[in-house]
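Everything below concerns the one structure shown next.
The values are calculated or read from the model by the stated rules, or taken from the named source; none is laboratory data. The shown structure was predicted, so the numbers you read here are calculated from the model rather than taken from an experiment. FYI the Cβ positions are ideal-geometry reconstructions off the backbone, even for glycines, and counts take in every protein chain you see.
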Amino acid sequence: MTKREIVLQALSHQETPVIPYFLDLTDIELKKMIDYTGDPLYFEHSDSYIAQERNESFTDLEGGKFMDMFGVIWDKGAQEGDFGIVNTYPIPEADFGDYVFPEPDEKLIREKCERLVAQHDKFTMYTIGFSLYERAWALHSVEESLMDFLVEPEFMHELLDKIVEYNNKVVDIVCEYPEIDCIFFGDDWGQQKGLIMGYPIWEEFIKPRLKIMYDHVKSYGKFVAQHSCGDCSELFPDFVELGLDIYNTFQPEVYDIQYFKDTFGDKITFFGGISTQRCLPFMTPDEVKAEMHHVMDVLSKDGGYILAPTHAMPADIPPENVIAFMEVAKNENPR
Amino acid sequence: MSILNEISELLQAGKRKQVAELCTQAIEQGIPAAEILNDGLMPGMDVIGEKFKEGEVFVPQVLIAARAMKAGTEVLKPYLNDSESTAKGKLCIGTVKGDLHDVGKNLVAMMMEGKGFEVIDLGVDVPPEVFVQTARDEHCDIVCCSALLTTTMPVMADIVKAFEEAGIRQDVKIMVGGAPVTDEFAAKIGADAYTPDAASAADKAIELVSEAN
């Protein structure tokens, strides 16, 4: 079986000969692993079952500042990984002013799609990060967006509609490629406990738009994956209703993984599960392995699991623990 | 309904313009500014804080209430003189060096203001020496440190150490918070308190200053 076929089998909720896995590292951690192992192709040699390309693109404005395709200027100074912080919000007030929403950069998207096509022995995911609420706050600020859900709801509805429109155009291009398996939306709604915006706002503003985006992807016969960090436990019935196939990140410090597997595991594939918050930075390699086996035992019953860290592994994870992760993924799988 | 109750209700609903208008009216009626603050604005923020802890309201509702509180206190400020100062204490707050996440930190600052603390917001990416210097120069009772990342959480230990080295550890209470932070971690690094959410942080701060007094 190819790696792709194994992932497809896991997604159809059937036991797989091995649990498909994905190594995800921040740039700094990858460099650390390359130095530690002397292998410049450390990531490539992980033989992950998934290939990803991200839709986001940035123009380097120099001085640590980068502009994304929506015209948001980011400061990538002090903080490892991720995007940094927004330096300039294009839509600071609840008024679009002269802001013009971008059209997808078709040439760039097709280049990324071609890279995925070349890796079609794997399960291929095209990632639209900052896909809804996060795109709204990148344009309009977190605090203004959260407040405007309550005080300027019409503006927020319109803002989110424009974002959906953009996303669907990207999906139209990507889904022309039969070799691309999945659209992976990223949008952080969870806090350590509960949703930052609360369920009623999520249900009014986010859910109907997820339905539009998910249905659009599904109309092309592709899989839908959704990322949110933190605690989205109250959303799982909605995820099932919306037909979501894959949920990432699934933090075990947030979820009772046995309960969620038992309750939603026949519908939703869990992607993640190995904690970058409690396990990978702090445990010994042997403890990491034991924790991984526990999570794998719970989540891989009847398929439905893709082994991965709960976030791109950041730089506080000792190289020995990345190696322990890979040993389990490659050699102790099945144990 | 008394005007102070009305102010509290409007604050809870996040109606900042109406809160400001009613604060002006209350001043015109001769109600002392400190009373409007203590019996109008702050009880409103208390209710929101409790509801937030109970999961009845969420961050958006807290944000609009805090904005209304700010609009009200702006009106009252010129009428509050130092001798009437109702400040429960003074604190500085910041997201630790290497970390740029500020939503949680801002919420804590708002809740602290809602409890009547004077808050010095140091922003994000704050090095330990800035916490120490601010606490010393401004005579802060409490220092609040926030981190969202496991990679930046260890800076909190450096902050506790920096206060020890500066010889002023006993003069301040150090509170820590953020997604990866736990009670065990706070105990391990020698911080005085960890709280899981902004409203609990403000309650804890009140507790800490009353213990100290």
Checklist entry - Looking at B:V108, is it without any contact (Cβ under 8 Å) to a residue 12 or more places away in the chain, closer than 28 Å to A:E134 by Cβ and not hydroxyl-bearing (S, T, Y)? => result no
Next on the checklist: So, restricting to helices (runs of 4 or more DSSP H) that lie completely within region A:132-227, which ones have at least 3 residues that are aliphatic (A, V, I, L, M) and more than 14 Å from chain B (Cβ to nearest Cβ)?
Outcome noted: A:153-174, A:207-219
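For residues in region B:197-206 being within 14 Å of chain A (Cβ to nearest Cβ) and part of a helix (DSSP H, G or I), which is surrounded by the most Cβ atoms within 10 Å (Cβ to Cβ)?
The qualifying residue surrounded by the most Cβ atoms within 10 Å (Cβ to Cβ) is B:A201.
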Checklist entry - Within region B:1-24, how many residues are at negative phi, surrounded by 18 or more Cβ atoms within 10 Å (Cβ to Cβ) and outside any helix (DSSP H, G or I)? => result 1
Checklist entry - So which residues in region B:30-64 are acidic (D, E) and within 14 Å of another protein chain (Cβ to nearest Cβ), if there are any at all? => result B:E54, B:E56
Checklist entry - What are the residue pairs meeting all of these: first residue in region A:255-276, first residue without any contact (Cβ under 8 Å) to a residue 60 or more places away in the chain and under 23 Å from A:E287 (Cα atoms), second residue of a type in the set (G, A, S) and surrounded by 24 or more Cβ atoms within 10 Å (Cβ to Cβ), Cβ atoms under 8 Å, and 6 or more apart or on different chains? => result A:I257/A:G273; A:K261/A:G304; A:F270/A:G304; A:G272/A:A308; A:G273/A:A308; A:I274/A:A308
Item to check | Set A:G97, A:G64, A:G84: member being out of contact with any helix residue (DSSP H, G or I) (no Cβ under 8 Å at 6 or more places or on another chain), exposed (fewer than 15 other Cβ atoms within 10 Å of the Cβ), under 27 Å from B:L149 (Cα atoms) and without any contact (Cβ under 8 Å) to a residue 24 or more places away in the chain | outcome: A:G64
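Taking strands (runs of 3 or more DSSP E) that fall entirely within region B:65-176, which contain at least 1 residues that are within 11 Å of chain A (Cβ to nearest Cβ) and closer than 25 Å to A:H311 by Cβ?
B:89-95
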Checklist entry - When residues of region A:6-65 are filtered for being over 30 Å from A:R135 (Cβ atoms) and β-branched (V, I, T), how many remain? => result 6
Checklist entry - When you go through (1) surrounded by 16 or more Cβ atoms within 10 Å (Cβ to Cβ); (2) at pLDDT below 95; (3) not basic (K, R) one by one for B:A65, which number turns out not to apply? => result (2)
Item to check | Qualifying position, being of a type outside the set (S, T, N, Q), under 18 Å from the mean Cα position of the chain (by Cα) and either part of a helix (DSSP H, G or I) or more than 16 Å from A:E253 (Cβ to Cβ) (or both), among A:I306, A:I323 | outcome: A:I306
Item to check | Total residues in region A:12-47, condition part of a helix (DSSP H, G or I), in contact with a Pro (Cβ under 9 Å, 6 or more places away or on another chain) and under 22 Å from A:D121 (Cβ atoms) | outcome: 0
Item to check | Within region B:161-179, tally of residues that are closer than 26 Å to A:C279 by Cα and either basic (K, R) or surrounded by fewer than 20 Cβ atoms within 10 Å (Cβ to Cβ) (or both) | outcome: 1
Checklist entry - Quick one: which of A:K32, A:K112 is within 14 Å of chain B (Cβ to nearest Cβ) and at pLDDT 95 or above? => result A:K32
Checklist entry - Yes or no: A:I212 among the β-branched types (V, I, T), out of contact with any Asp or Glu (no Cβ under 7 Å at 6 or more places or on another chain) and surrounded by fewer than 22 Cβ atoms within 10 Å (Cβ to Cβ)? => result yes
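Matching residues to (1) closer than 20 Å to A:K32 by Cα; (2) of a type in the set (K, R); (3) within 14 Å of chain B (Cβ to nearest Cβ):
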residue	(1), (2), (3)
A:T249	no, no, yes
A:D256	no, no, no
A:F270	no, no, no
A:S275	yes, no, yes
A:K289	no, yes, no
A:H293	no, no, no
A:G304	no, no, no
A:T310	yes, no, yes
A:A329	yes, no, no
Checklist entry - Restricting the search to region A:277-287, which residues are out of contact with any helix residue (DSSP H, G or I) (no Cβ under 6 Å at 6 or more places or on another chain) and within 14 Å of chain B (Cβ to nearest Cβ)? => result A:Q277, A:R278, A:P281, A:F282, A:M283
Checklist entry - Is it the case that A:P318 is more than 19 Å from the chain's Cα centre (by Cα) and closer than 22 Å to A:T37 by Cα? => result yes
Checklist outcome for this item: The number of residues in region A:69-109 that are acidic (D, E), at pLDDT 90 or above and part of a loop (DSSP other than H, G, I, E, B) is 5
Checklist entry - Can you find even one residue in region B:51-62 that is outside any helix (DSSP H, G or I), of a type in the set (K, R) and in contact (Cβ under 8 Å) with a residue 60 or more places away in the chain? => result no
Checklist entry - From the list B:V47, B:V75, B:V124, which one is touching a strand residue (DSSP E or B) at 6+ places or on another chain (Cβ under 9 Å) and among the hydrophobic types (A, V, I, L, M, F, W, C)? => result B:V124
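Of all residues in region A:48-68, which are in a loop (DSSP other than H, G, I, E, B) and either under 19 Å from the mean Cα position of the chain (by Cα) or under 22 Å from A:D121 (Cα atoms) (or both)?
A:S48, A:Y49, A:N55, A:E56, A:S57 - these are the residues of region A:48-68 that are in a loop (DSSP other than H, G, I, E, B) and either under 19 Å from the mean Cα position of the chain (by Cα) or under 22 Å from A:D121 (Cα atoms) (or both).
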Checklist entry - For region B:177-196, how many residues meet the condition of being under 20 Å from the mean Cα position of the chain (by Cα) and away from chain A (no Cβ under 14 Å)? => result 4
Checklist entry - Where residues in region A:145-166 are surrounded by fewer than 21 Cβ atoms within 10 Å (Cβ to Cβ) and of a type in the set (D, E), which of them is nearest to B:N106 (Cα to Cα)? => result A:E152
